[in-house]
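Here's the structure we're looking at; comments come further down.
Please treat every number below as a calculation from the coordinates, not as lab data. The structure displayed is predicted, hence computed values, not measured ones. Using ideal geometry, Cβ is built from the backbone for each residue, glycine included, and neighbour counts are taken over all protein chains shown.
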Amino acid sequence: MSTDTIRIGIVGAGANTRLRHVPGFRAIEGVELVGVVNRSPESSARAAEEFGIPRVYENWQELVADDGLDAVMIGTWPNVHCEITCAALEAGKHVMVEARMARTAAEAQQMLAASRARPDLVTQIVPSPFAFFCLDHVRGLVDDGFLGEFRELVVIGANDQFHDVTTPLHWRQDREISGLNVLAMGILHEAALRWAPEPRRVFAQVATFGPERPDGPATIPDSVQVVTELEGGGRGLYHLSGIALHGPGFHLHLYGSDGTIRVDLGAEQLMIGRSGDQSLHEPEIPQEQRGGWRVEEEFIGAIRGEESIRLTDFETGVKYMEFTEAVARSAETGQPVDLPLGG
């Protein structure tokens with residue numbers, strides 16, 4: 001299929017679709033953006049005019065059913081990801097779906113089952129964008145034993161995004177739309193899974209310090225602390241907050257018996273050190289190991305049979321969805337929850 005034109009329909013022309021996906025697809029030879037549908041006829045028409053997309057649909061069902069499309073890019077809120085994904089796969093379309101994968105682990109499992117029923121079709125979740133710059137370099141360090149015995153994982157995602165309680169309710173604070181995923185937990189955990197052992201047990205507590213908003217209550221916590229037991233015996237610690245005034249931002253730390261790897265995700269700075277070093281230092285990352293955003297290129301390459309989906313397949317998405325659900329269950333019951341989840 002490498003020489004065929006791939007025709008894409010867009011469901012939901014939100015910020016990331018406009019910023020990343022539209023220009024990403026347009027940069028690839030033999031790819032056409034054929035149709036779009038947004039939340040209203042007016043916004044659909046505006047998106048079509050803005051991007052020169054020839055077809056506008058009344059609803060997403062009409063777009064998915066169009067035999068003139070090869071693939072569907074889903075850029076909506078998470079509350080309809082499962083329904084649209086399953087319908088698109090049943091209609092024979094390749095699917096790229098925006099993170100977050102879904103609202104619950106059950107929805108994610110349904111999406112995974114639908115993708116397995118159509119192994120001829122490519123499915124991809126828009127990946128966590130964190131640490132592309134050093135992904136392969138750190139993976140190489142871990143694989144080569146830089147850390148020694150893995151001991152601790154520290155995940156920090158703390159800022160003051162929701163500190164001002166006079167601002168309107170954000171969709172990420174609405175459980176009906178966003179599901180059980182809290183703040184940036186899903187995308188940070190997804191990034192951590194690229195390097196760290198998987199968690200086998202979680203214990204969590206949550207709080208909502210700014211519940212009341214001008215247009216309704218926040219139904220998702222704005223403060224989360226999680227401790228985990230990792231495969232192989234290591235431990236993990238997560239601090240997630242949207243109300244940490246002047247908070248530290250986003251970080252991943254890996255601690256082992258022989259070395260430390262610390263990544264400032266916001267500043268895109270990697271620091272490493274081993275036993276005997278006086279302090280951490282910033283390594284020189286070889287150019288061939290420096291990564292970047294190529295999500296759309298990877299999706300099209302997989303459709304054409306030129307590569308496989310590396311970031312992020314549905315199996316990985318289910319893992320981070322089960323983690324976020326385990327956190328929610330633990331916080332609700334006050335008890336640890338084992339992974340992978342049972343029924």
The chain: Rg/Rh from Cα coordinates, Kirkwood Rh? 0.98
Might you report the magnitude of the Cβ-based charge dipole of segment 132-289 about its Cα centre, with Lys and Arg at +1 and Asp and Glu at -1, to the nearest 20 debye? 420
DSSP beta bridges in the chain, what fraction antiparallel, as a percent rounded to 5? 60
Tell me which of Gly247, Asn38, Val165 sits at the most positive position along the dipole axis of the chain, charges placed on C-beta atoms (Lys, Arg +1; Asp, Glu -1). Val165
Sites matching GluC sites (Glu not before Pro) across segment 42-102 that sit in DSSP coil, with at most 13 neighbouring C-beta atoms within 10 Å: Glu58
Can you bin segment 1-123 into rounded, prolate or oblate? Criterion: square roots of the alpha carbon gyration tensor eigenvalues sorted a ≥ b ≥ c, rounded for a/c under 1.5, prolate for a/b above b/c, oblate for the rest. oblate
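Give the longest segment of the chain that steers clear of chymotrypsin sites (Phe, Trp or Tyr not before Pro) in DSSP loops with at most 15 neighbouring Cβ atoms within 10 Å, not counting the sites themselves.
Working: sites that count: Phe209, Trp293.
In the chain, the maximal stretch lacking such sites is 1-208.
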Amide N proximity, segment 298-313 versus Asp4 label position 7 Å along Cα-to-Cβ, cut-off under 15 Å: 300-307
If you place +1 on the Cβ of every Lys and Arg and -1 on the Cβ of every Asp and Glu, how big does the dipole about the Cα centre of the chain come out, in debye to the nearest 20? 400
What size of dipole, in debye to the nearest 20, comes out for segment 1-121 about its Cα centre when the only charges are +1 on Lys and Arg C-beta atoms and -1 on Asp and Glu C-beta atoms? 440
Comparing Met271, Met96, Met321 in a Gaussian network model of the chain (Cα, 10 Å), the one with the largest mean-square fluctuation is Met271
In angstroms, what radius of gyration and Dmax does segment 108-202 have, counting Cα atoms only? 17.3, 50
In segment 112-195, the GluC sites (Glu not before Pro) that fall in loop regions by DSSP, at most 12 other Cβ within 10 Å: Glu149
Segment 1-44: trypsin sites (Lys or Arg not before Pro) in DSSP coil with no more than 15 other Cβ atoms inside 10 Å: Arg39
Tell me, in nm to one decimal, what length is gained between Asp136 and Leu341 on full extension, where the rule is 0.36 nm per residue of separation less the Cα-Cα distance? 70.9 nm
What is the mean projected area of the alpha carbon convex hull for segment 132-289, to one decimal in square nanometres? 10.3
What full-extension length gain, to one decimal in nm, is calculated for Ser257 and His281 as 0.36 nm per residue of separation minus the Cα-Cα distance? 6.9 nm
